[in-house]
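Read-outs: derived from the displayed coordinates by stated rules, not from any lab. It should be emphasised that the depicted structure is a prediction, and the values quoted were computed from it without experimental measurement. Note that each Cβ is placed from the backbone with ideal geometry, even for glycine, and that neighbours are counted across all protein chains shown.
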Amino acid sequence: MWGAEGPMILISVSVDRFCGDLLQNSDRHEITGSQAALRLRDMNRSMIVIEQEDILGGHTNTHIDSSAKGPANFGVKVFDDVDITREYFKRLGVPFQKTHLEGGEGDKLYADFRTGEFIDYKPPNMTMALASYAQQAAKYPQLQKGFFFREPVPEDLLLPFAEFIKKYNIGDAIEIIYTYCQGFGDLLKRLTLYVFKTFDLTVLRDLQNGYLIPTSGDNHEVYDKAFEIIKSDVLFRSRVERVHRGLDYVTVVVNTASGTRIIRARKLLVSIAPTLDNLGGFDLDMEEESIFKHFKTTGYYTSVVKVPGLRKFDSLTNFNPNTAYNLPKLPGIYWVTPTAPDKYDIKYGSPRALGDDYVKADIIRTMKRFQAPGSEEPEIVAWSSHTPFGATVSRDAIKSGFYERLYSLQGRRNTYYTGAAFHAHNSGLLWRFTEEVLQEMMK
């Protein structure tokens, strides 16, 4: 047994995170945990980072292939061009440059992934539809800071996105919106609020003006540089077993590669997807349980797969000729993009969590439909599950003040929260949100 006591502990757990007197990291944006750890170091606060994996980075996944022109970022693709992103990169000493996520028309193919049949399809001009979408999104600038909206909640935000599409005639822009909203299950059933929180005003601006990436092309450089600064405070291959929050301290029992450790801290910052399953080791009270039970999540998986015998393309999109807006039925592959000779970045989504083995088998089974006869079996060469993903709640919960109740938990029981469930799947916006939470914690 080992005890540590100090003003800050950070616990980073790959898919679930915290930060505060105790910080645990998880969910899609392990990026918020690393940023919080670095900011606490800059504030001269002591801390311990508990990381489930043997590397920092969360959902920023990079695959290096000697036959490729550069690193393949098969997780986080780009970073938002906002002030805090530039400041963070400069703090880490990461040179950066502008880029556009869309690489031009190229050889963009569409196919029915159920049959392996290519579809002769030309997308409509999306300019007018995208302008209409942007006009509606601009009505809610407060969403750039969190789940803030006037009361009563505007009805448009509570519409299933399929109804919003028809109301504002934005069907011609669905392909690009769907591309940016990968991982959220059935997009047409998703409340418009959550679409606005993903395909948001920042994304719309960066679509036109460009995003930021490290000059090296390796997005994981951000985490590598952060680790160099905080490495003496990181426990890898560690898992939180129990959390007890008293009046003055938070006590966390952690299983590590070298045994069980007990860590005491004054405050806790949580950035995991706050589902009851994820918080199973926490001493939740009735109020916390009554709030967190509302969250529902989806399955999202990313991989690099070796698939010999495919025809040449710059992107291959799953196109269902029998569905509204030709969106694929999930679970299934979203799209495929090449990373190196015979290797492809493949994204897979599901309305619910699925086992990794099932998803891998389905990817291989699907990609075999596109191979030339006699080709070698597809092979998974890099893999990352971003599950649980896309934490959302129901229309009725939102109308009943769910997010006011959620935010009222900040600081309660020496616990603070950040992460996508509290704001957005957007690195720049989350960094800004986390900075504000840290300032509250330091009061």
#### Entry: Helix 30-42 axis, angle to the chain major axis (alpha carbon atoms, nearest 10°)
40 degrees
### Query
With springs only between Cα atoms under 10 Å, which of G280, G58, G210 fluctuates most in a Gaussian network model of the chain?
G280
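Assign unit charges at the C-beta atoms only (+1 for Lys and Arg, -1 for Asp and Glu), then state the dipole size of the range 104-209 relative to its Cα centre in Debye, rounded to the nearest 20.
For this selection, approximately 420 debye.
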#### Entry: Among T298, Y334, H63 the positive-end extreme of the charge dipole of the chain (Cβ point charges)
T298
### Query
Against the longest principal axis of the chain, how steep is helix 427-441, in degrees 0 to 90 to the nearest 10, with axes from Cα atoms?
10 degrees
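What does the net charge come to around W335 if you take all other residues with beta carbon closer than 9 Å to its beta carbon, with K and R at +1 and D and E at -1? Mind showing how you got there, number by number?
Numbers: positive: K347; negative: D345.
That works out to 0.
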### Task
For the chain, just list the percent of Cα-Cα distances falling in each 10 Å bin from zero outward, please.
4, 21, 31, 27, 13, 3, 0
### Message
For the chain, set up a GNM with springs between Cα atoms under 10 Å and report which of F295, F184, F389 has the largest fluctuation.
### Response
F295
### Message
Testing the spin-label approximation: label points 7 Å from Cα along Cα→Cβ at K312 and S232. State their distance in nm.
### Response
5.4 nm
### Message
Going by amide H atoms built from the backbone, whose H comes under 5 Å of the H on G332, apart from near neighbours?
### Response
G349
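Roughly how big is the chain's charge dipole about its Cα centre, with Cβ charges of +1 (Lys, Arg) and -1 (Asp, Glu), in debye to the nearest 20?
Dipole size: approximately 420 debye.
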#### Entry: Estimated vicinal HN-Hα couplings, Hz - the range 48-56 in sequence order (Karplus 6.51, -1.76, 1.60; Gly, Pro = x)
9, 9, 9, 10, 5, 8, 9, 7, 6
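What is the antiparallel percent of DSSP beta bridges lying wholly in the chain, to the nearest 5? Working shown, then result.
Details: 58 of 77 bridges.
Roughly 75 percent of the beta bridges in the chain run antiparallel, per DSSP.
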### Message
Suppose only helical runs count, i.e. DSSP H with n ≥ 4. What mean residue ellipticity at 222 nm does that imply for the chain under -39500 (n - 2.57) per run, divided by all residues and rounded to the nearest 500 deg cm²/dmol?
### Response
-7500 deg cm²/dmol
